[in-house]
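Structure, as structure tokens:
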Amino acid sequence: MLLPATSYKNTLGNMKSKRQAATLIPYKIQGGKILIYFQKKAKDAPRWPDYFGFFGGGLEGKETPEEALRREIKEELDFAPEGYEFLGKYEFPNHINHMFALQVGEDFEKQVTVFEGDYGIFFDEREALREPMLIDEDKEVLRDFYKKIKTRNEK
């Protein structure tokens, strides 16, 4: 189940040794499919160049994950996310990712301007999980996201 964004505070704990990031999964449901908006990273990106991945980035200073999320999404998409939900904290060997999800409208692409990366694109579940240039760790998060969103929609 997706949690209210404020629930992330219970997941912080002592995580100072790994890089921490906050990222957003903008999604829409269209024609019975769950579509997720990904960033196509630039060829010269410092992390995962030329790959597809989520929008967001590292926490700065004493930022909370939610503060970092709002800052990063404004910087990368010129968009102020509201009504997002906390998906979970995902720990990987080199970093910790605080994941948030936001159901967006049909006109989302017209509401954003991609300032970081080459462009944004919607993928359905099959396209995303089969995309060879999608970050493997993001695929791991996606599998969990799809499971949670489908469970919620079945209720």
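The values are calculated or read from the model by the stated rules, or taken from the named source; none is laboratory data. The structure presented is a predicted model; accordingly, all values stated were derived computationally and were not measured. Ideal geometry is used to build each Cβ from the backbone, glycine not excepted, and the neighbour counts take in all protein chains shown.
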In segment 54-77, anything part of a strand (DSSP E or B) and surrounded by fewer than 17 Cβ atoms within 10 Å (Cβ to Cβ) is listed as GLY58
When you go through (1) at pLDDT 95 or above; (2) crowded, with 18+ Cβ neighbours inside 10 Å; (3) not charged (D, E, K, R) one by one for THR113, which number turns out not to apply?
-> (2)
For segment 4-26, does any single residue satisfy the condition of being at pLDDT below 95, of a type in the set (D, E, K, R) and in a strand (DSSP E or B)?
-> yes
Under the condition of being among the aliphatic types (A, V, I, L, M) and assigned to a helix (DSSP H, G or I), which residue from segment 122-155 is surrounded by the fewest Cβ atoms within 10 Å (Cβ to Cβ)?
-> LEU129
Number of the condition not met by ASP136 [criteria: (1) modelled with pLDDT of 95 or more; (2) of a type outside the set (Gly, Ala, Ser); (3) closer than 21 Å to ARG47 by Cα] | (1)
Going by the structure shown, is LEU102 among the aliphatic types (A, V, I, L, M) and more than 15 Å from LEU24 (Cβ to Cβ)?
-> no
Just one of the numbered conditions (1) surrounded by 13 or more Cβ atoms within 10 Å (Cβ to Cβ); (2) touching a Lys or Arg at 6+ places or on another chain (Cβ under 8 Å); (3) part of a loop (DSSP other than H, G, I, E, B); (4) aliphatic (A, V, I, L, M) is not true of ALA80; which one?
-> (1)
By residue number, the members of segment 93-104 that are surrounded by 14 or more Cβ atoms within 10 Å (Cβ to Cβ) and either out of contact with any Lys or Arg (no Cβ under 8 Å at 6 or more places or on another chain) or at pLDDT 95 or above (or both) are ILE96, ASN97, HIS98, MET99, PHE100, ALA101, LEU102, GLN103, VAL104
Where a residue in segment 104-128 is at positive phi and its partner, wherever it lies, is of a type in the set (Gly, Ala, Ser) and surrounded by fewer than 16 Cβ atoms within 10 Å (Cβ to Cβ), with Cβ under 8 Å and at least six apart | GLY117/ALA42
